[in-house]
Amino acid sequence: MVYDILAVNPGSTSTKIAVFRNRQEMFREDIEHDSAFLDSHPDIEEQFPFRRDMALACLEVHSYQVEQLSAVVGRGGLLPPVKAGGYTVNQAMKDRILKGPISPHASNMGALIADAVAAPLGIPAYIYDAVSSDEFMEISRITGIPEVVRQSFCHVLNSKAMARKAAEEAGKSYEEMNFLVAHMGGGISFSAHRHGKIVDALSDDGGAFSPQRSGSVPIIYIVDMCYSGKYTKAELMRKIRGDGGLKAYLGTYDCREIEKMIRQGNEKAELLYEAQAYQVAKGIGQLAPALKGNVDAIILTGGMAHSKMLTDWITDYIDFLGPVRIMPGEMELEALAYGALRILQGQEKANIYRDALYG
Ligand SMILES: Nc1ncnc2c1ncn2[C@@H]1O[C@H](COP(=O)(O)OP(=O)(O)O)[C@@H](O)[C@H]1O
Ligand SMILES: CCCC(=O)OP(=O)(O)O
């Protein structure tokens with residue numbers, strides 16, 4: 001049986017789409033959005049129809065007839081804890097995303113765009129391996145403040161996709177192996193994969209700083225900043241996501257520019273870039289106990305894994321824990337499409353989203 005699947009991955013400044021025929025990619029587009037438009041239309045209700053229309057326009061450019069589609073699958077966002085795997089987009093999920101409460105993130109639009117394209121065609125809309133997929137051990141959730149529960153947020157989609165690929169290349173199944181994964185993109189997250197489940201993770205604000213995010217910082221200083229009268233909440237949030245990390249020090253989040261600075265003798269840039277590597281190594285080390293030393297591979301992935309300078313530093317700090325696999329870039333569109341295909345082929349069942357507020 002042949003299935004055409006549209007995969008949609010909304011990011012902070014772009015929407016990536018691809019059409020797959022079973023596992024064969026037919027075409028893909030990385031639709032860069034005008035940041036002035038995004039900044040002037042921060043509201044998700046305004047943004048997602050715009051991104052939907054841009055995705056549909058791309059299909060037209062490729063003379064693709066949407067009526068050929070069997071399903072649409074979007075990246076799952078920061079919903080309340082869900083299972084890993086696929087979910088059918090339903091009204092409760094859309095209500096949670098549009099009415100909240102929900103942490104703001106571009107990935108939240110994946111479900112809305114998928115539904116907006118699929119519904120008129122009478123085909124299913126799914127999300128797959130959402131950012132808030134939760135396979136944690138109970139001890140992973142505990143923090144030192146009872147009111148604060150550590151949630152499972154990480155780059156689930158790409159981290160699992162790369163771990164599955166590494167297992168396949170080793171001639172084994174994902175469920176047979178143990179991985180520590182560092183996804184190094186605009187945000188950096190870490191995940192410990194034990195026999196097919198992410199049993200612990202550090203989200204983009206729970207571990208290393210990144211090219212544009214603060215990562216975890218000593219909380220006492222944050223409390224002082226909150227009550228200093230110097231910053232609004234929005235300004236502090238920008239320091240945590242968007243204007244933090246390397247960008248805060250060097251004015252850029254582009255690692256290629258930073259490497260150029262280093263080659264030109266910029267010692268500050270070199271110190272900061274090695275600190276970036278060291279923090280990634282520390283994040284991996286922090287999760288290692290979840291696997292109790294049984295590490296089949298440490299996977300470095302995401303856009304920053306293209307940087308040999310960075311990955312050499314990280315490997316030097318961390319390869320005492322296990323073999324390091326460099327798997328640059330991301331396979332999020334493939335992971336979305338392959339997951340939807342497994343559902344369409346009956347190899348997996350799509351979960352039904354239930355919500356405490358919306359039924
Ligand atoms: N070839 C490369 N060399 C070094 N850094 C790179 C390269 N390609 C991308 N990056 C860096 O990776 C980061 C973006 O990674 P990516 O996974 O594309 O992020 P996102 O999808 O979260 O925007 C940026 O900091 C960018 O500078
Ligand atoms: C860890 C949360 C997911 C995230 O940060 O995704 P992006 O790096 O794509 O923004």
Of residues in the stretch 132-158 being among the β-branched types (Val, Ile, Thr) and either within 16 Å of ligand 1 (Cβ to nearest atom) or not in a loop (DSSP other than H, G, I, E, B) (or both), the one surrounded by the most Cβ atoms within 10 Å (Cβ to Cβ): Val156
Where a residue in the stretch 242-253 is without any contact (Cβ under 8 Å) to a residue 40 or more places away in the chain and on the phi < 0 side of the Ramachandran plot and its partner, wherever it lies, is surrounded by fewer than 18 Cβ atoms within 10 Å (Cβ to Cβ) and of a type in the set (Ser, Thr, Tyr), with Cβ under 8 Å and at least six apart: Leu246/Thr252
Lone qualifier among Ser210, Ser191, Ser214, Ser203 - being touching a residue at least 12 places away in the same chain (Cβ under 8 Å), within 18 Å of the chain's Cα centre (by Cα) and more than 10 Å from ligand 2 (Cβ to nearest atom): Ser214
Unique match (being in a helix (DSSP H, G or I), open to solvent by less than 50 Å² (accessible area, probe 1.4 Å) and under 13 Å from Met309 (Cβ atoms)) among Ala277, Ala281: Ala277
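Across the stretch 118-131, what is the total count of residues that are more than 18 Å from Val181 (Cα to Cα) and either small (Gly, Ala, Ser) or open to solvent by 10 Å² or more (accessible area, probe 1.4 Å) (or both)?
9
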The stretch 226-241, residues that are touching a helix residue (DSSP H, G or I) at 6+ places or on another chain (Cβ under 9 Å) and touching a residue at least 12 places away in the same chain (Cβ under 8 Å): Leu236, Lys239, Ile240
Subset of the stretch 284-304 [open to solvent by 40 Å² or more (accessible area, probe 1.4 Å) and either within 16 Å of ligand 2 (Cβ to nearest atom) or of a type in the set (Lys, Arg) (or both)]: Gln286, Lys292, Gly303
Filter result (under 27 Å from Asp243 (Cα atoms) and part of a strand (DSSP E or B)) within the stretch 178-199: Val181, Ala182, His183, Met184, Ile188, Ser189, Phe190, Ser191
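The values are calculated or read from the model by the stated rules, or taken from the named source; none is laboratory data. All figures in this text were calculated on a predicted structure; none of them were measured in a lab. Because the Cβ atoms are built from the backbone with ideal geometry, glycine has one as well, and the counts that use them run over all protein chains shown. Side chains are part of the model used for accessible areas, which takes the heavy atoms of the whole protein and leaves out ligands, DNA and RNA. Shrake-Rupley method; radii C 1.70, N 1.55, O 1.52, S 1.80 Å.
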